[in-house]
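Taking it in order: structure first as structure tokens, then the write-up.
The values are calculated or read from the model by the stated rules, or taken from the named source; none is laboratory data. Please read these numbers as outputs of a predicted model, since none were measured by experiment. Here the Cβ is made from the backbone with ideal geometry for all residues, glycine too, and neighbour counts use every protein chain on show. Ligands, DNA and RNA are stripped out before the accessible areas are found, and what is left, the full protein with its side chains, is counted by its heavy atoms. Shrake-Rupley method; radii C 1.70, N 1.55, O 1.52, S 1.80 Å.
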Amino acid sequence: MNVLEWPSQSPDLNPIENLWKDLKTAVHKRSPSNLTELELFCKEEWAKMSVSRCANLVESYPKRFAAVIAAKGGSTKYYFMLYEYLCTLDFSVFYFLKIMIIRVMYHFAFTSQLSVTSFPTVFSSSKVKHELVANYSHLFWVQGSRPELQPYMLLAHTDVVPASEDDAWEVPPFSGDEKDGFIYGRGTMDDKGSVMGILAALEYILMKGYTPQRGFYIGLGHDEEVHGLNGAVNIVRLLKERGVKLLFVLDEGSAILDGILKGLDGPAALIATSEKGATVLKLSVSMPPSHASMPPRETTIGILAAAVKRLEENPMKRLFGLGPEGGMFEHLAHKFRFPLNFVMSNLWLFAPLIARIMERNETTNAFVRTTTAVTMFNAGVKENVIASYAEAFVNMRIHSAQTLKEVHSVQRWSTVGDPRVKIEVVYGFDPLPISPYDETSFGFQIIKKTVLDMFPSMIVAPGMCIANTDSRHFKDLSSSIYRFTPAIYKPGDAQRFHGINERTSRENYEGMVQFFFRLFQNCDIKKLPDVSLDHN
Ligand SMILES: CCCCCCCC/C=C\CCCCCCCC(=O)N[C@@H](CCSC)C(=O)O
């Protein structure tokens, strides 16, 4: 049998697309007025699909196949007929989002690539220029009607950290399955949710015929989890060559926290104005190998393990209140319950006390200090040979009030403290500058306005990103770099980043699409919101 290859998501060849169309037509005729009705009508109409209709679709397969060959693998009239038909429908936001959710699940389940057919308007609009950078990253330019307005840029990334099916996920990590209102899968939070949210919002706004006044870029990196050295760095290089300066940049890196900061009444949207620096150190110990029956008093493994233990037992000093987290807690102070509201309003006095409370929890500890995480330890080749070499990798995230140089010297001279342990710097960079967040800061105020448009009573405050993002490569293109995803995270969610059961709720995904949809329009407003009317 000859096996023919074609893209996994080729609607021209996929009979299910026609059935989707039938389903949409039938459901649309019944005008569902809420999600429950929509679900019910979908199920009822699906059950009515006839066997003969399916048989016809299978029989017409050779015709569609021939058309795809004639189009040299490109789109055929079959796909565009389907798409044009969909465009004639009067989509409600509800209905549109439902389709987008089906698309995002489909994307997670079946393809690792951005599909032209998932966002047909984006990829066919004359207002949008798309280019591949370093083969796999995507750069979109959405042209505005007023070229004199400075453009802004949205960032997200398509790559993810590994996930193993052996790690007790509730659903397979690359299934994209939905369970109890959550879409599960590696990348749903970090950061394919943002990729899909941005593109879905762009698709929708273009379908609506909205022409933005202010042009904007969208950069989707493919190697953020390994420093963005091919993706983000090359996007920056291209933009620099083209003389682009950005009004602001918005990337992942912070979110709406609900119940994560103890004592805070209600959720808070934290727009990170900076991110920590980082360094990775390699510690290693070498000695000649020997027989396990005559062990030396200390082995490579023992020496290194002791050094690693010293690192864990001697965390870097508390710096709470001396970086942008100080401003964050002062902004939030009045929303804390008594006596925390009083304490938070007087950080000059109470910062050391708060730091001791915050360091007890691993998420809040990250705001207090430069963190130290031993992430890899390799040694030994045979169970009866004394290992000649042991190495450990130490991943540190540098608090804004510290420098890379200072961190290196503390680790070298006081904590590792054993000349037999060789210390090499794998990489390192300083904490990022703090972006402005006063009432004249366009980017910050527009992101804030967009959050408040969606959640009018939300507390919005400047925050700090405790991890690292692609946006750090953009600091020569803009001094206003913000990290924020409009997703609501609750206790337990922080552990899903790079952990198991990464997931996004339907509400978070819908919120993401709505947020970017509104942001595109808010960036066209002529006057910044009057912050004196701000009730936060
Ligand atoms: C790291 C997760 C912390 C979760 C804290 C919860 C509070 C903040 C809420 C949400 C925002 C989290 C955004 C995290 C973005 C993580 C991006 C990332 O993983 N980047 C890599 C980059 C590797 S290159 C050095 C990283 O390891 O930092």
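What to note about this one:
- Here residue 318 meets the list (1) within 22 Å of residue 411 (Cα to Cα); (2) open to solvent by less than 70 Å² (accessible area, probe 1.4 Å); (3) outside any helix (DSSP H, G or I) almost entirely, failing just condition (2).
- Residue 431, sole failed condition from (1) within 14 Å of the ligand (Cβ to nearest atom); (2) surrounded by fewer than 17 Cβ atoms within 10 Å (Cβ to Cβ): (2)
- Subset of region 263-285 that is among the aliphatic types (A, V, I, L, M) and either more than 16 Å from the ligand (Cβ to nearest atom) or out of contact with any strand residue (DSSP E or B) (no Cβ under 9 Å at 6 or more places or on another chain) (or both) - its residue that is nearest to residue 148 (Cα to Cα): 283
- Beta carbons closer than 7 Å, at least 6 apart along the sequence or on distinct chains, pair a first residue in region 347-369 that is closer than 14 Å to residue 401 by Cα and among the basic types (Lys, Arg) with a second that is open to solvent by 50 Å² or more (accessible area, probe 1.4 Å) and away from the ligand (no atom under 16 Å from the Cβ) for 369/315; 369/317; 369/318.
- When residues of region 456-468 are limited to those that are part of a strand (DSSP E or B) and touching a helix residue (DSSP H, G or I) at 6+ places or on another chain (Cβ under 6 Å), the one nearest to the ligand (Cβ to nearest atom): 463
- Only a single criterion out of (1) open to solvent by less than 30 Å² (accessible area, probe 1.4 Å); (2) within 16 Å of the ligand (Cβ to nearest atom); (3) out of contact with any Pro (no Cβ under 8 Å at 6 or more places or on another chain) is not satisfied by residue 158, namely (1).
- The set of residues in region 265-283 being open to solvent by 10 Å² or more (accessible area, probe 1.4 Å) and modelled with pLDDT of 95 or more consists of 267, 280, 282.
- Across region 373-403, the number of residues qualifying as under 21 Å from residue 253 (Cα atoms), over 22 Å from the mean Cα position of the chain (by Cα) and either within 14 Å of the ligand (Cβ to nearest atom) or open to solvent by 40 Å² or more (accessible area, probe 1.4 Å) (or both) comes to 2.
- Close pairs from region 485-508: first over 21 Å from residue 154 (Cβ atoms) and outside any loop (DSSP other than H, G, I, E, B), partner open to solvent by 70 Å² or more (accessible area, probe 1.4 Å) and hydrophobic (A, V, I, L, M, F, W, C), Cβ under 7 Å, at least 6 apart: none
- Take the conditions (1) surrounded by fewer than 17 Cβ atoms within 10 Å (Cβ to Cβ); (2) without any contact (Cβ under 8 Å) to a residue 12 or more places away in the chain; residue 337 misses just one of them, which is (2).
- Selection from region 238-262 of residues that are within 16 Å of the ligand (Cβ to nearest atom) and either more than 20 Å from residue 432 (Cα to Cα) or assigned to a loop (DSSP other than H, G, I, E, B) (or both): 252, 253, 254, 255, 256, 257, 258, 259, 260, 261, 262
- Boolean, residue 362 is within 26 Å of the chain's Cα centre (by Cα) and surrounded by fewer than 16 Cβ atoms within 10 Å (Cβ to Cβ): yes
- Checklist (1) open to solvent by 80 Å² or more (accessible area, probe 1.4 Å); (2) modelled with pLDDT of 75 or more; (3) not in a helix (DSSP H, G or I) applied to residue 72, failing item: (2)
- If you go through region 18-51 and keep only what is open to solvent by less than 50 Å² (accessible area, probe 1.4 Å), under 29 Å from residue 64 (Cα atoms) and assigned to a helix (DSSP H, G or I), you end up with 18, 19, 22, 23, 24, 25, 26, 27, 42, 45.
- Summed over region 469-485, residues that are closer than 20 Å to residue 437 by Cβ and within 11 Å of the ligand (Cβ to nearest atom) total 6.
- If the condition is being assigned to a strand (DSSP E or B) and of a type in the set (Asp, Glu), then region 344-403 contributes only 391.
- Taken together, the residues in region 205-263 that are among the polar types (S, T, N, Q) and in contact with a His (Cβ under 8 Å, 6 or more places away or on another chain) amount to 1.
- Only one of the numbered conditions (1) more than 16 Å from the ligand (Cβ to nearest atom); (2) surrounded by fewer than 22 Cβ atoms within 10 Å (Cβ to Cβ); (3) farther than 20 Å from residue 483 by Cβ; (4) not basic (Lys, Arg) is violated by residue 230, and that is (1).
- So residue 288, is it in contact with a strand residue (DSSP E or B) (Cβ under 8 Å, 6 or more places away or on another chain) and open to solvent by 20 Å² or more (accessible area, probe 1.4 Å): no
- Flag if residue 407 is in a helix (DSSP H, G or I), within 16 Å of the ligand (Cβ to nearest atom), more than 14 Å from residue 271 (Cβ to Cβ) and not assigned by TED's automatic domain parsing to the domain that holds residue 247: yes
- Checking 453, 438, 476 one by one, the residue that is free of Cβ contacts under 8 Å to residues at least 24 places away in the same chain and either in a helix (DSSP H, G or I) or surrounded by fewer than 24 Cβ atoms within 10 Å (Cβ to Cβ) (or both) is 438 and no other.
- Sub-6 Å Cβ pairs linking a first residue in region 213-225 that is in the same structural domain as residue 136 (by TED's automatic domain parsing) to a second residue that is within 16 Å of the ligand (Cβ to nearest atom) and of a type in the set (S, T, N, Q), at least 6 apart or interchain, are 220/158; 221/137; 222/137; 222/158; 223/230, ordered by first then second residue.
- Taken over region 138-169, the criterion of being at pLDDT below 95 and hydroxyl-bearing (Ser, Thr, Tyr) is satisfied by 158, 164.
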